[in-house]
Amino acid sequence: MPYYVFQILPDKNVKLLNTFDKFKDAKERCRELRKAESPDNPNLFRMAFAKNEHEARRLLTEKREPSSPLEEWEA
């Protein structure tokens with residue numbers, strides 16, 4: 001399964017930037033983008049591991065319930 005790198009847009013939509021076969025390459029690209037374009041907002045660029053682009057988009061845009069009390073407290 002590939003790794004997808006997305007930019008999170010202000011209206012909560014996502015824009016596909018790159019697709020990678022290796023985690024290391026995708027992680028490095030996210031780091032480069034964050035450092036160059038959003039050093040104050042690390043959540044502007046996100047990575048997803050999914051079967052296809054549609055599933056990756058769904059994973060990043062879907063509202064999830066906290067899986068533990070600690071996550072709920074942090075939200």
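Any idea what the relative contact order of the chain is, in percent, if you count C-alpha pairs under 8 Å spaced at least 6 apart?
Averaging sequence separation for qualifying contacts and normalising by length gives 34 percent for the chain.
Residues of region 2-20 falling in the label zone of N52, defined by backbone nitrogen less than 14 Å from a point 7 Å along Cα to beta-carbon, are 2.
Built from the Cα atoms of the chain, the convex hull projects on average onto 5.7 nm², one quarter of its surface area. For the chain, the longest principal axis of the alpha carbon atoms and the long axis of helix 23-37 meet at an angle near 80°.
Each reported figure results from applying straightforward, stated rules to the coordinates on display, with no laboratory input. Every value quoted in this text rests on a predicted model; they were computed, and no experiment measured them. Note that we place each Cβ from the backbone using ideal geometry, even for glycine, and neighbour counts take in every protein chain shown.
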